Amino acid sequence: MRYQITGKQIDIGDALQTHVRQELGEVFGKYSGRPTDANITFSKSAHEYVCEVTVHLSTGLTTSAKDKATEIYSAFDGCGEKIDKQLRRYKRRLKDHHKDRVEPVELQNAASYILAREEDSQDYNEPDTLQPIIVAEMETSIPSLTVGEAVMQMELAGAPVLVFRNEKKDGVNVVYRRDDGNIGWIDP
């Protein structure tokens, strides 16, 4: 397993890196057993340390967690507990997933854009144009999954929405968390 442990404008010592490797190694030894790489990023926000952990599993699924604390070790331990809980919750599905899927999840590249937020103005004038302003342009990957795998991936990543290519119908679908707590599925 590859670990990429970085700090944004803070120094990460050897003791913290060793702690991160040991703790994540124990978690993955219990549940998935086959992660490929983990990205751990530490940063500071005011008086709190922020830890973000993203782990890519060998099947192509991704799990992530984020936590804040006044001490850097506590921030990481909070992330570790969240990752542990996610993997424990999906352990049976992950094992079943490995039996059904012989090859890793296929990914398709797609363009991703960040649009500028419209400014709230007091005057009620019409905007000059209805075209949004593009702030950033990036590339993202769209996985080919079943609907069940897409819901599991969305839960593991802690994302409110997941766009995926439906393996059964070979079309682009969306799963999302509804306001009432249920999962919505858009199948055009």
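The values are calculated or read from the model by the stated rules, or taken from the named source; none is laboratory data. As the structure is a computational prediction, the values presented were derived from the model and not from experiment. Cβ sites come from the backbone with ideal geometry, for glycine too, and all protein chains shown count toward neighbours. Quick note on the areas: whole protein, heavy atoms, side chains included, nothing else; ligands and nucleic acids left out. Shrake-Rupley method; radii C 1.70, N 1.55, O 1.52, S 1.80 Å.
Computed with a 1.4 Å probe over protein heavy atoms only, the accessible surface of segment 10-92 comes to 50 Å² per residue.
List the trypsin sites (Lys or Arg not before Pro) in segment 1-87 that DSSP assigns to loop (not H, G, I, E or B) and whose Cβ has at most 13 other Cβ atoms within 10 Å. Which are they?
Numbers: sites: Arg2, Lys8, Arg21, Lys30, Lys44, Lys66, Lys68, Lys82, Lys85; in loops: Lys8.
Counting only loop positions with at most 13 other Cβ atoms within 10 Å, the trypsin sites (Lys or Arg not before Pro) in segment 1-87 are Lys8.
Is there a pair in Lys8/Lys68; Lys91/Lys168; Lys44/Lys85; Lys85/Lys168; Lys8/Lys82; Lys8/Lys85 whose C-alpha atoms are over 19 Å apart, and which pairs would that be? Write down the numbers at each step before the final one.
Working: Lys8/Lys68 14 Å; Lys91/Lys168 24 Å; Lys44/Lys85 25 Å; Lys85/Lys168 30 Å; Lys8/Lys82 22 Å; Lys8/Lys85 26 Å.
Beyond 19 Å: Lys91/Lys168; Lys44/Lys85; Lys85/Lys168; Lys8/Lys82; Lys8/Lys85.
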